[in-house]
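Notes to accompany the following structure.
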Ligand code: BDR
Ligand code: CA
């Protein structure tokens, strides 16, 4: 049976890669996409999600979420993903008739409470929508199987030496999520640091199918973290983890969010030695198989 999931996202070039797989892979049952501020503002992230929905001619509902973090001012990453958030590929203009609502938190609540099976949440942007969902409708917790999120790091950050972008954007929201007692799998920066998508693999994407051709052009405009011979497609690891969990190494940990540090705000403080744990932290992926997995996962796309 396919795994029921909901994606909360701020597309974003690596978000687009994750969404492309999630919309097309038979092992995943994507119930809805919700958008959040992050890489670009909420209007752009929503418009990007709508463009992806149209590209795949998908029926999956899209709901727009919140425009600002709980407390902070919004921070963006246009210098990484381009002014539109999905630089490098010319999509037709977003069709707002394809937007189901601008009430993402309520839509998540309704879908969760009306589902006869528990659902895995996959947040791949700042955690504002998810924190609001858990605080406003705590009864949804019993319907959430797990939260598999992209965010944080067991080592250094990428926005500051201490903090990773998604957590840095809204640390208070992350704090709510990590204290929720819902099973959490944290797919942080560590995974990509050990296995990047090589430039050789990116070149091969050009010809595989229409989706990989689209991603090829975006990856060539991605100005994010680059490790050795490739780029970090962070958000895609959450989806690959759901598809191939046995290929990843994971450790239980107690993860706390730094909320006050002058230089460390937004850091995920990952303690592997504490008895009480609140998350599984994904540390690495089988490097020799990562590229094969990525191509295989994309092979169902048009
Ligand atoms: C995260 O930040 C964003 O720029 C990416 O889309 C990813 O979700 C990586 O730190
Ligand atoms: Ca993202």
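Computed from the coordinates by the stated procedures, all read-outs in this text should not be read as laboratory data. Quick caveat, the model's predicted, so the values are computed rather than measured. No Cβ is skipped: glycine too gets one built from the backbone with ideal geometry, and neighbour counts run over all protein chains shown.
Model label points for residue 275 and residue 302, set 7 angstrom from Cα along the Cα-to-Cβ axis, are 5.6 nm apart. In this label model, residue 43 and residue 102 are separated by 1.0 nm, measuring between points 7 Å along each Cα→Cβ vector. The separation of the stretch 176-215 from the stretch 34-78, counted between C-alpha centres, amounts to 18 Å.
Of all DSSP beta bridges located in the stretch 3-298, what percent are antiparallel, nearest 5?
Looking only at bridges with both residues in the stretch 3-298, the antiparallel portion is about 40 percent.
When each of the peptides 244-252, 133-141, 104-112, 216-224 is scored by how many other beta carbons lie within 10 Å of its residues on average, the order from highest to lowest is 104-112, 216-224, 133-141, 244-252.
So what are the stretch 226-302's ellipsoid semi-axes, whole angstrom, largest first, if each one is the square root of 5 times an eigenvalue of the alpha-carbon gyration tensor? Numbers along the way, then the final one.
Numbers: eigenvalues 167, 53, 26 Å².
Rounded to whole Å, the semi-axes are 29, 16, 11.
Each part reduced to its alpha carbon centroid, the stretch 260-302 and the stretch 89-128 end up 23 Å apart. Both the radius of gyration and Dmax for the stretch 1-160 are 15.0, 43 Å, in that order, over alpha-carbon atoms. In the chain, Cα pairs under 8 Å separated by at least six residues give a relative contact order of 20 percent.
Among 208, 31, 287, a tally of other beta-carbon atoms within 10 Å of each Cβ gives an order, fewest to most, of 287, 208, 31.
Convex hull of alpha carbon positions in the stretch 109-264: directionally averaged projected area 10.7 nm².
Its alpha carbons give the chain an Rg and a Dmax of 17.4, 52 Å.
For the stretch 175-250, the spread of Cα coordinates along the three principal axes comes to 44, 24, 23 Å, biggest extent given first.
Given axes a ≥ b ≥ c from the Cα gyration tensor, I'd like to know whether the stretch 73-164 is rounded (a/c under 1.5), prolate (a/b larger than b/c) or oblate. It is oblate, given that a/c is not under 1.5 and a/b is not larger than b/c.
With R₀ fixed at 35 Å, the C-beta to C-beta distance from residue 73 to residue 284 puts the FRET efficiency at about 0.55.
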